[in-house]
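Structure first, then comments.
The values are calculated or read from the model by the stated rules, or taken from the named source; none is laboratory data. Since we're looking at a predicted model, the values are computed, not measured. We place every Cβ from the backbone using ideal geometry, glycine too, and count neighbours over all the protein chains shown.
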Amino acid sequence: MSEEEKREGGDRLKLAIQKSGRLSEGSLDLLERCGLRLRRGREQLLARIDSLPIDVLFVRDDDIVEFVEQGVCDAGIVGENVYKERYLGEGEGESLEVVRYLGFARCRLCFAARDIEEGEGVYSYMKKREQEGLGVRIATSYPRTVRSYFSDYGGVEVVTMSGAVELAPRLGIADAVVDLVSTGASMNAHGLEVGETLLRSEAVLLSGKGGVREGLVGVMEKLLCRVDGVLHARGNKYIMLHMEESRVGLLSDVIPGAESPTVLSLSGVEGIVAVHLVCHEDVFWETMEALRGLGARKILVLPIEKMMWEV
């Protein structure tokens, strides 16, 4: 059977992503940066990638983890908070593993209430309520995570809500909430102050612990190679500059990871070289000013679209 026949016959890696929302946008952007263009049909819930034998399924984020665990999909991109909430304290999640942290859709799962100080810890708040002879009703869409986190505290009642969690104290449904927070503006608008962070989350790539199906191992390796290339490129900059050759060794004092730059001679110029290097940190104006202080000139800082980086 030819390679094309295998692909048409279903020997294709199935990847599940969120069908709409911030996680979906980040996932599609990642695939595009990996050079994987989607060809979508009328159904719009299934897309085909021609450059690699990959099919992309657009599903609800709550279903992604289950689809991967049941083998309906070989891999999936989901929020770490969703993965942990679904399988916290249960054995089923042991068959799955996070193969890559993807660095987008970052968020915090935070405790918030009306009668706390900004940033106040859970222990302090619970102690205060206990001294007043009061328990705590906590509204959340993440009941397993909350019960686990507050397992050492007595008098905690968890009220499960599917949305509009921040309204719960105003409606008298709960005394406090645990919900996803980015800026905290929505919480503040409803009279709540954000306190302790229970969990930090970002998008992750999930797969089965046993790996993908035998015929798709090579496809998964190629996908991960491209993903790694995009992840390495993010937050890195390519720097080019001219400086005295005798001062090149001082660059590592200013730029982390600059111990082995590429140094090129300049035609017809004695003692001055061109230096090329990849910076593993964000390059701020202060960094460029520090480079000037070392005598660097003609400094160019360029973004990196993609890279293959051997660690």
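Scanning segment 115-164 for residues that are surrounded by 17 or more Cβ atoms within 10 Å (Cβ to Cβ) and of a type in the set (Gly, Ala, Ser), we see that the one that is farthest from Met187 (Cα to Cα) is Ser141. All but one of (1) modelled with pLDDT under 90; (2) under 26 Å from Glu69 (Cα atoms); (3) part of a strand (DSSP E or B) hold for Glu196; which doesn't? Result: Glu196 fails condition (2) only.
Across segment 29-38, the qualifying residues are those that are of a type in the set (A, V, I, L, M) and either outside any helix (DSSP H, G or I) or over 19 Å from Pro53 (Cβ atoms) (or both), and the one among them that is nearest to the chain's Cα centre (by Cα) is Leu36.
Summed over segment 134-146, the residues that are farther than 15 Å from Ile173 by Cβ and either among the polar types (S, T, N, Q) or modelled with pLDDT of 90 or more (or both) give a count of 3. Would you be able to say whether some residue in segment 224-243 is part of a helix (DSSP H, G or I), at pLDDT below 95, surrounded by fewer than 14 Cβ atoms within 10 Å (Cβ to Cβ) and on the phi < 0 side of the Ramachandran plot? Yes: segment 224-243 contains one or more residues that are part of a helix (DSSP H, G or I), at pLDDT below 95, surrounded by fewer than 14 Cβ atoms within 10 Å (Cβ to Cβ) and on the phi < 0 side of the Ramachandran plot. Entry remark, segment 29-44: residues being surrounded by 12 or more Cβ atoms within 10 Å (Cβ to Cβ) and either modelled with pLDDT under 90 or on the phi > 0 side of the Ramachandran plot (or both) number 2 in total. Taken over segment 249-279, the residue count meeting the criterion of being touching a His at 6+ places or on another chain (Cβ under 9 Å), surrounded by fewer than 17 Cβ atoms within 10 Å (Cβ to Cβ) and part of a loop (DSSP other than H, G, I, E, B) is 4.
Okay, residues lined up against (1) out of contact with any strand residue (DSSP E or B) (no Cβ under 6 Å at 6 or more places or on another chain); (2) in contact (Cβ under 8 Å) with a residue 60 or more places away in the chain; (3) closer than 30 Å to Glu69 by Cα:
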{"residue": "Val217", "(1), (2), (3)": "yes, no, yes"}
{"residue": "Val230", "(1), (2), (3)": "yes, yes, yes"}
{"residue": "Asp253", "(1), (2), (3)": "yes, no, no"}
{"residue": "Pro256", "(1), (2), (3)": "yes, no, no"}
{"residue": "Leu266", "(1), (2), (3)": "no, no, no"}
{"residue": "Ala274", "(1), (2), (3)": "no, no, no"}
{"residue": "His280", "(1), (2), (3)": "yes, no, no"}
{"residue": "Gly295", "(1), (2), (3)": "no, no, no"}
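Scanning segment 56-80 for residues that are touching a Cys at 6+ places or on another chain (Cβ under 9 Å) and closer than 13 Å to Lys14 by Cβ turns up Leu57, Val59, Ile64, Phe67.
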